[in-house]
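K.L.:
Got a structure here, written out as structure tokens. Questions coming.
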Amino acid sequence: MAFAEFLAGRATSADDHEAEPEAPIEPKQIPRPAKESVVKAIQRLSASYHMLQRDKMLDETSSLMMSHIIQGRDAVSVIDDIEILFERHYQQYLKQD
């Protein structure tokens, strides 16, 4: 009987938790320095948008970084695109909640 009561109490608290959706986490705005490398920008944006799942952005982020390293694309324009990428994923995060 004690075990059944335990399970019943556990199910009730799980239902209570599901009933109240958590508010979305706001990004921590870290200002962009005047001179910044692509790697530092990714680190800054990862800290700003810490609520995002980085594994979902890995492919796109890697492609942008490689366009800078291998193809010689300008760092400023790559960082601009990475900022857009993070913002787009944040908007998707907001729609999920």
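K.L.:
Ignoring any ligand, DNA or RNA, what whole percent of the accessible area of the chain comes from carbon and sulfur when the probe is 1.4 angstrom?
P.N.:
On the way: 4080 of 7110 Å².
Reported share for carbon and sulfur atoms: 57 percent.
K.L.:
Follow-up question, since we're still on this one. Sum up the charges of everything whose Cβ sits under 13 Å from the Cβ of Ser46, counting Lys and Arg as +1 and Asp and Glu as -1, but leave Ser46 out. Spell out each step's value before the answer.
P.N.:
On the way: positive: Lys28, Lys40, Arg44, Arg54, Lys56; negative: Asp55, Glu83.
Counting the neighbours of Ser46, the net charge comes to +3.
K.L.:
Right, here's the next one. Where nothing but the Cβ of Lys and Arg (+1) and of Asp and Glu (-1) is charged, how large is the charge dipole of the chain around its Cα centre, in debye to the nearest 20?
P.N.:
Details: 11 positive and 17 negative charges, 125 e Å.
Result for the chain is approximately 600 debye, rounded to the nearest 20.
K.L.:
D for the chain, whole µm²/s, Stokes-Einstein with Kirkwood Rh over alpha-carbon pairs at 25 °C and 0.890 mPa s: what number? Don't skip to the end; give the middle numbers.
P.N.:
Details: Rh = 16.0 Å.
It comes out at roughly 153 µm²/s.
K.L.:
While we're looking at this one, here's another question. Distance between the C-alpha centers of the range 67-97 and the range 38-56? Whole Å please.
P.N.:
When both Cα centres are located, 10 Å separates them.
K.L.:
Leaving out ligands and nucleic acids, note down the accessible area per residue over the range 27-87 with a 1.4 angstrom probe, in whole Å². Numbers along the way, then the final one.
P.N.:
On the way: 3810 Å² over 61 residues.
Value for the range 27-87: 62 Å² per residue.
K.L.:
Quick one: helix 75-96 against the long Cα principal axis of the chain, what's the angle to the nearest 10°, folded into 0 to 90?
P.N.:
20 degrees
K.L.:
Starting from the Cα gyration tensor of the range 39-94, take the square roots of the eigenvalues, sort them a ≥ b ≥ c, and report rounded, prolate or oblate (rounded when a/c is under 1.5, otherwise prolate if a/b is larger than b/c, else oblate). Could the numbers behind the result be given before it?
P.N.:
Values: a/c = 2.04, a/b = 1.88, b/c = 1.09.
Here the range 39-94 falls in the prolate category.
K.L.:
Considering only Gln43, Gln71, Ala23, whose Cα is most displaced toward the positive end of the charge dipole of the chain, charges sitting on Cβ of Lys, Arg (+1) and Asp, Glu (-1)?
P.N.:
Positive-most Cα among the choices belongs to Gln71.
K.L.:
Also: Longest exposed-loop-site-free stretch of the chain, with trypsin sites (Lys or Arg not before Pro), DSSP loop and at most 11 other Cβ within 10 Å?
P.N.:
On the way: sites that count: Lys28, Lys35.
The answer is 36-97.
K.L.:
Now for a separate question. How high is the relative contact order of the chain, in percent, with contacts defined as C-alpha pairs under 8 Å that are six or more residues apart? If you can, show how the numbers build up before the last one.
P.N.:
Details: 48 pairs, mean separation 29.5, N = 97.
Relative contact order, the chain: 30 percent.
The values are calculated or read from the model by the stated rules, or taken from the named source; none is laboratory data. The shown structure was predicted, so the numbers you read here are calculated from the model rather than taken from an experiment. Note that we place each Cβ from the backbone using ideal geometry, even for glycine, and neighbour counts take in every protein chain shown. Heavy atoms of the whole protein, side chains included, go into the accessibility calculation; ligands, DNA and RNA do not. Shrake-Rupley method; radii C 1.70, N 1.55, O 1.52, S 1.80 Å.
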